[in-house]
Structures are given as C-alpha cells and as structure tokens.
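S.K.: I'd like to ask some things about the structure below.
The values are calculated or read from the model by the stated rules, or taken from the named source; none is laboratory data. This structure is a prediction, so every number in the text was calculated from the model and none was measured. Quick reminder, even Gly has a Cβ in these numbers, built from the backbone with ideal geometry, and neighbours come from all protein chains shown. With ligands, DNA and RNA removed, areas are computed over all heavy atoms of the protein, side chains included. Shrake-Rupley method; radii C 1.70, N 1.55, O 1.52, S 1.80 Å.
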Amino acid sequence: MEHFIAVDWGTTNRRAYRIENGAVVATHRDTLGVTSVPAGGFAQEVDRLRERLGGGPLLLAGMVGSNRGWIDAGYVSTPATLDTLAAAMAHPADGVMIVPGVSHVADGRGDVMRGEEVQLLGAVAAGLVPADALLCQPGTHCKWAWMRDGAIAAFVTAMTGEMFALLKAHALIGQDMTGPVMPGDAFLAGVREAKRGDMLASLFAIRPAGLLGLRDRADAASFASGLLIGSDCAAHATGGTVHLLADPTLSALYSSAITELGGTAVMVDSEAAFIAGMTRLWEQIA
C-alpha cells in the first residue's frame, strides 16, 4: 500500500502522521501516552486513531512496544540498522506493526532505547547527518549515539532531564530552583563547574551560593541545569561535532554547553528524522 500511519507513541505523549507516497498529509498529536491507556485498551485506541487519520495500516514506534505498552516488541542489538529493525517487527493485530527497540552492552553495562532508534537511523537515511557521526537526543533520558556506516554502533543514556526534575521537586536545593532556565552566564557557570568532576559537592553548593550571596537565587535553576548538562556533555562531547535532535529550547542549552566545552553543535530536525526513518521502514516491509 502506498499510504500508512506512522505513530511515535511515548510514555506521556503520542504523535501520528498519515504518510502518502512519502509525504505527510495529516497529523495528530495528543497526550495519550502508554501510561494513559487502560489495560486491554490499545486495540481500541489504535482503531480510533486509524479512523481519525483516514484508515490504513499503522507502524508504531516508542514505548508502545515496551513491557509497559501494548506488547513487548523486544530489542535488536547493536550494530542496529533499518534492515535489522524491519526484520524484527512485532505484529499485535491485523494491519499493525511495532518497531523493536535497540539494546547495547559494553564493559558490563547494558543500555536500551525505544523510539529514538527511528530518529537516529532516519536522520542518516535522509542525509540530515553523516553516516559516521555522534548524535545527541536531549530529554528526560538523554541519548548519545555513535553512528558507524549508517548503523547505530553504540549509545549511552544519561538521566539528565529526570535528575533536574527530581532535584527541583524533592531536593533541598529545589527551593532555590524556581527561576527559568536560560543559556546565559549562570548556565555556563554551571557547565564550567561540572569540569571539577565533583557533582555531588557542586550540587550542594547551589544552596550556600544563595545564602552567602555568591550567586543570585534567581539563577539557581540555570546553574543547576548547566551543571547537569555540562557533566553530560563533558562525558561524551568535548572538542568534536555533535548533531542535536531536539526541540529549540533543549537544543539551545546543549549547543551552548557543547560550545563552551570546545565542541561544535549542529541542529537536526528530529521530526523530519522520525518521518524519514518510519518511511524507510515501511518501504522495506510493505
């Protein structure tokens, strides 16, 4: 069939695209993440989505294929390509396929991703990034992926965004983290502080900095963000080129940190990368 519906179905959000002859002709976005679907309700929600977007087969990616989603679609191991993903599709219902995730094990540490693999491979397939490149997908769980010959050769996940949210909501320093996060002087000061390599002490120092007048409390959130993102970038991206697949806000923060650390950041359209990845997969399995 020349048309299908591509769905990026995450934990808290869902994005769907009707694609005809390689072009997006209709879209739908909502907050019906997998955690919002009642037990046994995925088939019904898929039918509703299919009706809303004009019918046709569906290709799903993301947490819908996890053990918290519709069915566990499993993982393919690195190096992962569009070919290996296409060969391992799960089929929970007629006219519905789910893209598997990707796993990686190195030095005794395991890692997994779901949904990001479509963006990563799609970015290469669409010519948005080179076949050999370092890609970064900032977010709650930031992904750093090393592409080799167009394949996902290795990747690392950092709990950067989740850690910031936890600190703001539950830590003592969270009382000071009330201001907006901006990629300015306070953020860059946090990036430079991360170079100390003493994260726990640096985090605690946010509070006395306000008490002793060393830093304006309004800058605490920006400094904390710079500290976390700076630590993340310092571990994986110093002096090289990093291709960022993220929304403008996160791209601005990571770009600022990467530049401060001597690297070069290149912005990539993450939505275009996802659509390209899903289209290439569909071409292989249709």
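S.K.: In the neighborhood of Glu51, defined by Cβ-to-Cβ distances under 13 Å, what is the net charge if each Lys or Arg adds +1 and each Asp or Glu adds -1?
M.R.: +2
S.K.: Could you work out how far apart the two model spin labels at Glu20 and Gln175 are, taking each label as a point 7 Å from the Cα in the direction of the beta carbon, and quote it in nm?
M.R.: Placing both labels 7 Å beyond Cα along the Cβ direction yields 6.0 nm.
S.K.: Work out the charge dipole of region 1-146 with +1 on the Cβ of Lys and Arg and -1 on the Cβ of Asp and Glu about the Cα centre, then indicate which of Gly41, Asn67, Val24 is farthest towards its positive end.
M.R.: The listed residue farthest towards the positive side: Gly41.
S.K.: Also: Divide by every residue of the chain the summed helix terms, -39500 (n - 2.57) for each DSSP H run of at least 4, and state the resulting mean residue ellipticity at 222 nm, rounded to the nearest 500 deg cm²/dmol.
M.R.: -11000 deg cm²/dmol
S.K.: How large is the dipole of the chain about the Cα centre if only Lys and Arg carry +1 and Asp and Glu carry -1, each at its Cβ, rounded to the nearest 20 debye?
M.R.: 520 debye
S.K.: Label Met199 and Gln44 with points 7 Å out from Cα along Cα→Cβ: what is the distance between them in nm?
M.R.: 4.2 nm
S.K.: Considering only protein heavy atoms and a probe of 1.4 Å, how much of the accessible area of the chain is carbon and sulfur, as a whole percent?
M.R.: Looking at the chain in its full context, I get 52 percent from C and S.
S.K.: Can you give me the Kirkwood hydrodynamic radius for region 206-286, using every pair of distinct Cα atoms, in Å to one decimal?
M.R.: Averaging 1/r across every pair of different Cα atoms and inverting gives 14.9 Å.
S.K.: Also, quick follow-up: How far is helix 42-52 tilted, in degrees, relative to the longest principal axis of the Cα atoms in the chain, given as a value from 0 to 90 rounded to the nearest 10?
M.R.: Compared with the principal axis, the helix lies near 80 degrees.
S.K.: If Rh is defined by the Kirkwood formula over all Cα pairs and Rg also comes from Cα, what ratio Rg/Rh do you get for region 229-268?
M.R.: Ratio of gyration radius to Kirkwood radius: 0.91.
S.K.: Let me ask you something else. Suppose all protein chains stay in the model; what accessible area per residue would a 1.4 Å probe give for region 1-144, in Å²?
M.R.: Heavy-atom accessible area per residue stands at 44 Å².
S.K.: With Kirkwood's inverse mean 1/r over C-alpha pairs for Rh, give me the Rg to Rh ratio of the chain, two decimals please.
M.R.: We get a ratio of 1.01 for the chain.
S.K.: Whole-Hz Karplus ³J(HN,Hα) for region 263-274, in order, using 6.51 cos²θ - 1.76 cosθ + 1.60 and θ = phi - 60°, x for Gly and Pro?
M.R.: x, 10, 9, 10, 7, 10, 6, 5, 5, 4, 5, 5
S.K.: Give me the Kirkwood hydrodynamic radius of region 139-260, using the inverse of the mean 1/r over all pairs of distinct Cα atoms, in Å to one decimal.
M.R.: 14.7 Å
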